[in-house]
Amino acid sequence: MTIFTCILLGFLVVCAIAASLSKKLLNTILIFMSYSLIMSIIWVLLESPDLAITEAAVGAGVTTVLFLVTLKKINAIIKTESSQEENANEQENT
Amino acid sequence: MSRKIPEEKYQKTFSCQFRRWLEGAKDPFAGEVEMQKQAAFAESQEARERREQDEKLLNTKVYDLENNFEVRIFRRFYKVFSVLFCIFLVAMLLVAVSDLPVFGHAENPVNNEVAERYIEKGLEETGAVNIVTGMILDYRAFDTLGESHVLFIATCTVLILLRRDGEKEQALDEDNDRIHEPKDDVILQTAARILVPPIFLFGIYIILAGHLGPGGGFSGGAVIGAGLILYLNAFGFARTERFFTARTYRRMSFCALACYSLAKSYSFYTGANHIESVIPLGTPGAILSSGLILVLNICVGVVVAGTMYTFYVMFRKGGY
C-alpha cells in the first residue's frame, strides 16, 4: 500500500466522522460530497474505473444535488423572505 | 495607423477592465451576488418556557422520578449500554475485517472457475474488450434488466409520493420554486453554456464506448442526467420543457425498457435452444462489435439519464 492511498484512506475516515459531527446540514452535505470524491479516487487506485465514474457521477453529483434541493425545500439553507415577514408579524403581535 | 475608439467603448474592453482590476478597483460583483448566511436557530422565550415546563411535567407526573427507582436505573443503564453496544459493534466489525483474505491474493475464494472462465473466454464469447461490461451485459444481463426495472419502479414511487395533482397547486409550487432561485444568474449561465456540451459529449462517449473501455450505460446515463440538471438550473424550466417533459420521459423509458427486454429475450431464446445467434460479434475493439451489448448500453443509459432528471424535477416542484 502506497503512502498516497494511506493519506486518502485517512481523509475518508476524517470525512466520515466530520459528516456525522457537523452541526450545519449544508456542511454535512458538502463533506459527504468530498467523501464520495475521495472514494472515487480510491476506486481508480483499486483498478476499477467503471465504479469510479459511477461514484463520481452519482455519489458526488446527483445525490448531493438532491440533498441540496431537499434542504432548500425545508428552508434549512436560507431564511426565506416570507418566513421573515411572518416572524416580524408574530413579534409585532406579541 | 492607430484608430481612436470612443471613451465608453474603451471602458468596456477586456484589457481596460483587467487593468482596473489589477490596480485594485472595486469588484463589480461585490455585494450583488445573492448569498445569505444560515440564520442562527432562535427559540422564543415563551417556547422555551413551555418546553421546560413540559419536561418537568413529564419527569414528575408521568415517570414520577423521585419515587420510581426502576426508571432511574433504566435511564442510567440505557446510556451506558448504548455506548458499550457501539464499541462492541465497532470491535466486531474490525475483527471481521482483519479476518478477510488479503486484497488481490491469488488464493482468494473469489478466484474460482467462474472468474477464470470470464477472463479466458470472455473476449471470445461476448466480443467485449471491457470484461466487466461483457459480464454485466452478457453473462449476467438478466440482473441488469432487473436493475433497470428497479430504477423505473423507484421513479414511479417518487412520482406517487411527490407528484402534485391539479394545475392550481402546481402553478403555486412553480411560483414558490423560482422565488429564491437566482433568476438569469450570469455566472451560472455562462458556466453552463461552456460546461453542458462537454458533459453531454462525455456522457454519450461513456455510453457508446462501454464495451471498449471503462464506463457503460449506468455511469454515462448518470453523467448526462447531471448535465441536464445543470442546464435546468441555469436556464429554468421554460427552456428544458421545450424538449423534455413527463410525456417524453414516459415514452423514452418505455421504449428503452421494451427494447432491452426484446433484445435480451432474443438471446435467451437462442441460447436456451442452442440456436446460433444471427447477430455477429464483430472484431473486438471496433465500435460496432460485441453483439447486443452496445444496444443494451444505450437502453440503460437512456433510462438512467431520464430517471436522474425526473428525480430532480420531482424534488423541485412535483411535476412537469
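Just so you know, all these numbers are worked out from the coordinates, no wet-lab data involved. Keep in mind it's a predicted model, so treat the numbers as computed, not measured. Note that we place each Cβ from the backbone using ideal geometry, even for glycine, and neighbour counts take in every protein chain shown.
For the range B:52-124, which GluC sites (Glu not before Pro) are in a loop by DSSP, counting at most 16 other Cβ atoms within 10 Å?
Numbers: sites: B:Glu52, B:Glu55, B:Glu66, B:Glu70, B:Glu107, B:Glu113, B:Glu116, B:Glu120, B:Glu124; in loops: B:Glu66, B:Glu107.
Sparse-neighbourhood loop GluC sites (Glu not before Pro): B:Glu66, B:Glu107.
How big is D, in µm² s⁻¹, for chain B by Stokes-Einstein at 25 °C and 0.890 mPa s if Rh is the Kirkwood radius over C-alpha pairs? Each step should come with its number before you reach the end.
Working: Rh = 26.4 Å.
In µm²/s, the coefficient is 93.
What are the ³J(HN,Hα) values, in whole Hz, obtained from phi via the Karplus relation 6.51 cos²θ - 1.76 cosθ + 1.60 with θ = phi - 60°, for each residue of the range B:5-16 in sequence order, with x given for Gly and Pro?
Running phi through 6.51 cos²θ - 1.76 cosθ + 1.60 with θ = phi - 60° gives 10, x, 4, 4, 5, 5, 4, 8, 5, 5, 5, 5 Hz.
Considering the dipole of the protein assembly as shown built from charges on the beta carbon (Lys and Arg +1, Asp and Glu -1) around the Cα centre, which of A:Phe4, B:Gly306, B:Leu137 is farthest to its positive end?
B:Gly306
Just from its helices, what would the mean residue ellipticity at 222 nm be for chain B, if runs of 4 or more DSSP H residues each count -39500 (n - 2.57) and the sum is divided by every residue, rounded to the nearest 500 deg cm²/dmol?
Numbers: 13 runs with 209 residues, N = 320.
Helix-only estimate at 222 nm: -21500 deg cm²/dmol.
What does the range B:47-98 give for Rg and for Dmax, in Å, if only its C-alpha atoms count?
In order Rg, Dmax, the Cα atoms of the range B:47-98 give 17.6, 52 Å.
Output ³J(HN,Hα) for the range B:293-305: one whole-Hz value per residue in order, computed from phi by the Karplus curve 6.51 cos²θ - 1.76 cosθ + 1.60 with θ = phi - 60°, and x for Gly and Pro.
Going residue by residue, I get 4, 4, 4, 5, 4, 4, 4, 4, x, 4, 4, 5, 4 Hz, with x marking Gly and Pro.
Under a 10 Å cutoff between Cα atoms, tell me which one of B:Lys264, B:Lys79, B:Lys121 has the largest fluctuation in the Gaussian network model of chain B.
Comparing B:Lys264, B:Lys79, B:Lys121 in a Gaussian network model of chain B, the most mobile one is B:Lys79.
Using alpha carbon centroids, what distance separates the range B:86-122 and the range B:275-307, in Å?
31
Under the √(5λ) rule applied to the eigenvalues of the Cα gyration tensor, what semi-axes describe the equivalent ellipsoid of the protein assembly as shown? Give them in Å, descending. Could the numbers behind the result be given before it?
Numbers: eigenvalues 392, 281, 130 Å².
Largest first, the protein assembly as shown gives 44, 37, 25 Å.
Take the residue pairs A:Lys73/B:Lys317; A:Lys72/B:Lys317; A:Lys24/B:Lys56; A:Lys23/B:Lys317 and return only those whose Cα atoms are more than 21 Å apart. Before the final figure, lay out each step's value.
Values: A:Lys73/B:Lys317 9 Å; A:Lys72/B:Lys317 12 Å; A:Lys24/B:Lys56 29 Å; A:Lys23/B:Lys317 28 Å.
The answer is A:Lys24/B:Lys56; A:Lys23/B:Lys317.
How big is D, in µm² s⁻¹, for the range B:129-317 by Stokes-Einstein at 25 °C and 0.890 mPa s if Rh is the Kirkwood radius over C-alpha pairs? Write down the numbers at each step before the final one.
Numbers: Rh = 18.1 Å.
It diffuses with D of about 135 µm²/s by this estimate.
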